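Notes follow the structure.
Where a number appears in this text, it was derived from the coordinates with a stated rule and is not lab data. As the structure is a prediction and not an experimental result, all values here were calculated from the model. Positions of Cβ are backbone-derived with ideal geometry, glycine not excepted, and every protein chain shown enters the neighbour counts.
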Amino acid sequence: MIESILSALSVLFTPTGALFLMLGVVVGLVFGVVPGIGGTTAIALLMPLSFGMDPNNAMMLMGGVMGAVSVGGSLTSILINTPGGAPNAATCFDGYPLAQQGKAGLAIGAAAASSTLGGLIGVVVLVAVIPVMKSIVLLFGPPEFFMLALMGLAAIAVSTGGQFLRGLIAGAIGLLLSFIGYNAVGGGVRFTLGSDYLWDGIPLVPALTGMFAITEMIALSVSGGTISKDAAGTRIAGVMEGVWACFKYWKTLLQGSVIGTFIGAIPGLGGTVASFLSYAAAMQISKSPETFGKGNVEGVIGPEAANNSKDGGSLIPTLAFGIPGSAEMAVFLGVLVLHGLSPGPMLLIQHEGVVFSLIMALSASCIIATVITLIIARWMILITIVDVHLLVPAVIATSLVGVYALQENIGDVILSVVFGVLGYLMIRFGFPRITLVIALILGELAERSFHQSLNMADGDWTIFFSRGISLTLFVIMLACLAYPALRAARRNPKRLPEAVK
Amino acid sequence: MTHASRLRRFGPPLIVLMIGVVFLLWAQIYPRNTGTVPTLVAILTIALGLLDLAGQSDTGFGRAVAKLVGRAAQEDEPEKAGWRVILLSVLWPLGYVGATIYAGFLLVTPLYIFLYMWTYGGKSLLASAVSATVTTVSIWLTFEVLFRYPLYPGVLFGGYL
């Protein structure tokens, strides 16, 4: 192994290796920043270009992209509330409010540093865990995933503070929306109103772009002025302060990284679920959960750490078992095959050097992308003091073109605007968007796990409470649901029983 | 309580109830495996909607619900922005997409940006024209030239819905 690591390092420090790595990082940052297109598209576009390259250099190129995409995506999430990709959407919740408060530098610094550290932790785990990962993943069966999804929703609803009930309502409506389309369990198509477009369900990227980018642009168009209400603060807000915040909130960082690595390793879940669950988990351990959604830097650190660490995690099943953990990994699997590398247990034995080249590239790209981001951050922040009427039409046009480019389907553009208007109405009437979005993402997982669990237990629903991890998650969910009532009771202990009576 | 504020308070929970009922009835036409979870979630939505509706009332129970699970803070807030501004802000992107469906991104995008900035944003003719041109060229260079994604041409120019 040491030999392979040294060999990978020697590739990294050759001019060609370094050049391909830098190229990958730059492409990754650009694809990350442009809304709607992400790492999957970047790898798919670079795949034919890598044909004929030395496999080590190809891994440098791909590793560079993987490490940089999420860092690029976090920039637009923070500055204009427009996630570069779906996994960056969770960063909007607190990153953008920080930018509005003139603390974009703090958010960018925190996002960049947590991405790097999360990515590195993911890589370390990837190296360390391959031999035992299979048994850890197997501890989580359908009942655990069902409870995990419900717990995530409950935790997020609590984070909406005074809007707890409407948070739950938005979550329920998000779940209903997630049921639209083909149902893998029953084998039929539901709630599509006869539209072929909805057969695959509500596409996430257009929906998320609508909920965040378009909604926010409508809100800015209504309010006028600038994004940042504190222009002076914008100029001096410390990027390095954000970097240090990652060390101050090291538990959030570590937790996000572990969640990202673990979720990344489970095929079919991916970075979006990882970052949203990490956001919910960050709120759980925070000393000030009520400030989440209003500009809490922990709400940036958790999702960004998870977002980047999931790359290391999703490489585990991709490399070790040949099962891609996400769409990005599915395309990457194609890259491996293109270079004559058969993913699976034999890959590590036969091509250990190439695997470590990829690992080195992934680690280095996390660091390089962060350094570049921190350098350009000071100029990027200026976007928050530009008159919104300059920004609004440009952002709407770019976002919708990005949404169209994803599948070259104008239906995505229409859906995105519909979600944009829906998001604005939700703001107006006090419904938190965050729970709807999370439910939309977790709905499919929750329903599938629910049916799988009942099938496993021959219809006996006690399966959800008879397994240790599942029961623990259920108890945490109950605690989340009871928290607002208990908090209200503690605030006003005398009047509450009377009112209830 | 004015008619408008009553509408703002009770309108959203009533819409939630309606969504729940529609999905509940709709789910019944599907086989058991397909309809079970949507039915459960629809029932949950209706229950939460009823709770929200109760929480909006000024009865003792309503106040207790509001205290326990929170009441939306928007009620009786003075309108900061006029309805005309809100309506226009919503209609601009809708109009942009509507026009794009017919005439495509490359034709509609510069027009949209120019008209928005000039008429709604109150910017000068020159600034609006420059911004419209720069943004459209950037979009074209990024998507069509660099990434080779063809931009939607619009129904009038061979695009399909």
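Shielding by partners for peptide A:102-110, expressed as the average number of C-beta atoms from other protein chains within 10 Å of each residue's C-beta, is 0.
Taken residue by residue and averaged, Cβ atoms of other chains lying within 10 Å of the Cβ of A:399-407 number 5.
Taking Cα atoms only, the orientation of helix B:125-139 departs from the longest principal axis of chain B by about 90 degrees. Averaging 1/r over every pair of different alpha carbons in the range B:83-157 and inverting the result gives a Kirkwood radius of 13.0 Å. Peptides B:27-38, A:275-286, A:73-84 ordered by packing proxy, namely the average of other Cβ atoms within 10 Å per residue, highest first: A:73-84, A:275-286, B:27-38.
Among B:98-104, A:430-436, how do they line up by average Cβ neighbours within 10 Å per residue, starting with the highest?
On the way: B:98-104: 18.6, A:430-436: 26.7.
So the peptides B:98-104, A:430-436, ranked by packing, come out A:430-436, B:98-104.
Evaluated at q = 0.23 Å⁻¹, a Debye calculation over the C-alpha positions of the range B:3-69 (equal weights, vacuum) places log10 I(q)/I(0) at -0.88. When each of A:Val392, B:Val145 is scored by the number of other beta-carbon atoms lying within 10 Å, the sequence from fewest to most is B:Val145, A:Val392. The HN-Hα couplings worked out from phi for the range A:19-33 by the Karplus form 6.51 cos²θ - 1.76 cosθ + 1.60 (θ = phi - 60°) are 5, 5, 5, 4, 4, x, 5, 5, 4, x, 5, 5, 5, x, 6 Hz, whole numbers, x standing for Gly and Pro. Quick check: residue separation of A:Leu139 and A:Leu338 times 0.36 nm, minus the Cα distance between them. What number comes out in nm? Answer, rounded to one decimal: 68.3 nm. Within 10 Å of the Cβ of each residue in A:449-461, the mean number of Cβ atoms contributed by other protein chains is 1. Shown in residue order for the range A:79-95 are the 3J(HN,Hα) couplings computed by the Karplus curve 6.51 cos²θ - 1.76 cosθ + 1.60 at θ = phi - 60°: 7, 10, 6, 10, x, x, x, 4, x, 7, 4, 5, 5, 4, 4, 10, x Hz (x for Gly and Pro). When only Cα pairs below 8 angstrom with a gap of at least 6 residues are kept, the range B:83-157 shows a relative contact order of 39 percent.
Amide hydrogen proximity for A:Tyr182: with H placed 1.01 Å from N in the peptide plane, the residues at 5 or more positions away or on another chain lying under 5 Å are A:Arg190, A:Asp200, A:Gly201. Shown is the FRET efficiency for A:Lys287 and B:Phe61, computed with R0 = 41 Å from the Cβ-Cβ distance and rounded to the nearest 0.05: 0.75.
Projected onto planes of every orientation and averaged, the convex hull of the alpha-carbon atoms in chain B covers 15.6 nm². Placing pseudo-labels 7 Å out from each Cα toward the beta carbon at A:Ala485 and B:Leu141 gives an inter-label distance of 5.9 nm. Arranged from fewest to most other beta-carbon atoms within 10 Å of their beta carbon, A:Thr398, B:Thr119 become B:Thr119, A:Thr398. Each residue in A:Met240, A:Met53, A:Met147 was given a count of other beta-carbon atoms within 10 angstrom of its own, and listing them fewest first yields A:Met240, A:Met53, A:Met147.
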